[in-house]
Amino acid sequence: MQREYVQDLSKLVGQEITLRGWLYGKRSSGKIQFLILRDGTGHCQCVVMKNAVDAATYAACDELSQESAFAVTGKVQATDKAPGGYELFVSSIELGAKAAEYPITPKEHGVEYLMEHRHLWLRSSRPWATMRIRDTLIVAIRNFFHERDFLCFDSPILTPNAAEGTSTLFETKYFEEGMAYLSQSGQLYGEAGAMAFGKVYVFGPTFRAERSKTKRHLNEFWMVEPEVAFMDLEGGMQLAEEFVHYIVGRVLEERQSELAILDDGSGRLVERCQRVMKPFERMHYDEAAKILYKYWDDKLASGEELPPTFKRFEYGDDFGAYDEVALTSLYDAPVIVHHYPASVKAFYMKRDPNEPDKALAMDVLFPEFGEIIGGSQREDNLDELLKRIEEHQLPKAAFEWYLDLRRYGSVPHAGFGLGLERLVMWVCDLDHIREAIPFPRTLTRIWP
RNA sequence: UCCUGAGUAGCUCAGUUGGUUAGAGCAUCUGACUGUUAAUCAGAGGGUCGUAGGUUCAAGUCCUACCUCAGGAGCCA
């Protein structure tokens, strides 16, 4: 089937071509009609003049309802009157399947309504731009690791036990073996991969059955988790920074027009991305704690009203949502906080020999957003790890294979996890993470 | 699990101190218009006011319960 794509119009000026797609919108003015065609690569204004086409072609315009399929042939013209700078001067139209009355009109809709029609909403320009940026991030993630000789290492989605013992997992029956659980992290398997291949990354779906109800949580999301043998916490922080610079840099290079669609016209989306390209701030947990104490002291002294769910940060706590936003609002670039109290971190994180109450853990916090990356150097000493498993009251038997990694040539190693949707949400400046994935799964939504 | 808020036309919303026949924009349909940008203009159709009960001469409006959804916290990526 002969056709050109809207994204290539700039190379086709003056030529007679055919575009195939759907009607995104239409404006008519008696003897002239403007059809907006959408073909997946972009939008094109198609101009139909009554005295330039035969009667049947002009009448065909009336048959086109929003989202009806059609093909249109005409000459490509450059013009500043058309969005995008190019339009098609129509000579003929071929009607395809007519669309029934379309539920999504050009006027505003509520998010709930749009999510009920997510399968159609994806055709609209904002989701379209978001998904193209998501695609660029995914390709960039794979390229980044591929170029650095990391092995793509797929971890299982069905797992035998509730490994980390922290979050609630989805469960399903597994033949005669009892219950299986959907993976909440590929990390432990990634560590086996690092011992076999040196440098690996796990990139796949992750499932958490938490009854989370915030704009930063999904129950099914995609996470990329590099794991490297002979890498310490410092190496992990360096890798995380280099990684973010690379993938966000790709969006800046390749997706300017999509960022413009999502922007309010101020250019702040590009500006935000450029902030991330700067060197990251780094601070010890103790320093961050000091800053937070002062921050909230000043806030309370100023008499400013704090949200009803606000809880004052105390030394030894993990940071809450308010703390992360507060801390990052003070800096231009992302902030890496390291050396969190071991008591608030996972059992597999190594403790700092010089500060035994601190874990060799780090979080990358994005400006005015919060955690996008969490990582650590892993405990590589068998006895220490056994102690942690006992302290956390985890079933030792379930971890025998993981303990083997320490029994047979244990080495220092580290890694981190990055939530893809959180990054998409931040780059696209979305109000809610559910718009960062094609079909979000949340507490109250498993449809469509 | 906890806290807060919302449910009125296909969609987004207004509806005063309880008071006659329930309001607008968009969408749909009819008509006008040769450069529109969410086109505009004129007209038409479209309602179990979330559900159930209660108070009252009178309830979209007040009360009670329930349902659904949204926002925030915690958990985390």
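The values are calculated or read from the model by the stated rules, or taken from the named source; none is laboratory data. Worth saying up front: this structure is predicted, and the values here are computed from it rather than measured. Methodologically, a virtual Cβ is constructed for each residue, glycine included, from the backbone with ideal geometry; neighbour enumeration extends over all protein chains shown. The accessibility values were calculated without ligands, DNA or RNA, using every heavy atom of the protein model including side chains. Shrake-Rupley method; radii C 1.70, N 1.55, O 1.52, S 1.80 Å.
General remarks:
- In Å², nearest 10: area of A:D54 left accessible to a 1.4 Å probe: 90 Å²
- The translational diffusion coefficient of segment A:292-436, from Stokes-Einstein at 20 °C and 1.002 mPa s with a Kirkwood hydrodynamic radius over alpha carbon pairs, comes to 123 µm²/s.
- Taking all C-alpha pairs of segment A:150-280, those more than 22 Å from each other amount to 55 percent.
- When the GluC sites (Glu not before Pro) in segment A:45-113 are filtered for DSSP coil states and for at most 12 other beta-carbon atoms within 10 Å of their beta-carbon, the remaining sites are A:E101, A:E108.
- When nucleic acids and ligands are ignored and a 1.4 Å probe is applied, A:K50 ends up with an accessible area of around 100 Å².
- Computed over segment A:109-202, Kirkwood Rh from alpha-carbon pairs, angstrom: 16.6 Å
- Segment A:78-207, dipole about Cα centre (Lys/Arg Cβ +1, Asp/Glu Cβ -1), debye to the nearest 20: 400 debye
- For chain A, the percent of C-alpha pairs falling in each 10 Å distance bin, counted from 0 to the bin holding the largest distance, reads 4, 17, 25, 22, 15, 10, 6, 2, 0.
- Sequence-distant contacts, meaning Cα pairs under 8 Å at least 6 residues apart, place the relative contact order of segment A:81-217 at 20 percent.
- Cα-based shape type of segment A:1-145, given that a ≥ b ≥ c are square roots of the gyration tensor eigenvalues and the cut on a/c is 1.5: oblate
- Full extension of the chain between A:S29 and A:N381 gives 119.0 nm of extra length, using 0.36 nm per residue less the Cα-Cα distance.
- For chain A, built as a Gaussian network whose Cα springs stay under 10 Å, the top-fluctuating residue of A:A209, A:A288, A:A196: A:A196
- Surface composition of segment A:379-425: carbon plus sulfur atoms hold 51% of the accessible area, using a 1.4 angstrom probe and ignoring ligands, DNA and RNA.
- Chain A - percent relative contact order, Cα under 8 Å, separation 6 or more: 13 percent
- Charge dipole magnitude, Cβ of K and R +1, D and E -1 - chain A, Cα centre, debye nearest 20: 1440 debye
- Cβ-based charge dipole, chain A, positive-most Cα from A:P308, A:F347, A:A59: A:A59
- Relative contact order (%) - criterion: Cα under 8 Å, at least six apart; region: segment A:1-48: 33 percent
- When the listed pairs A:K75/A:K107; A:K31/A:K81; A:K213/A:K294; A:K173/A:K345; A:K345/A:K396; A:K215/A:K311 are checked against a 25 Å cut-off, the alpha-carbon distance exceeds it for A:K75/A:K107; A:K213/A:K294; A:K173/A:K345.
- The heavy atoms of A:K387 present about 100 square angstrom of accessible area, all protein chains included, probe 1.4 Å.
- Average accessible area per residue (Å²) across segment A:6-121 - probe 1.4 Å, nucleic acids and ligands excluded: 52 Å²
- For q = 0.19 Å⁻¹, Debye-computed log10 I/I(0) when each Cα of segment A:275-355 counts as one equal scatterer: -0.93
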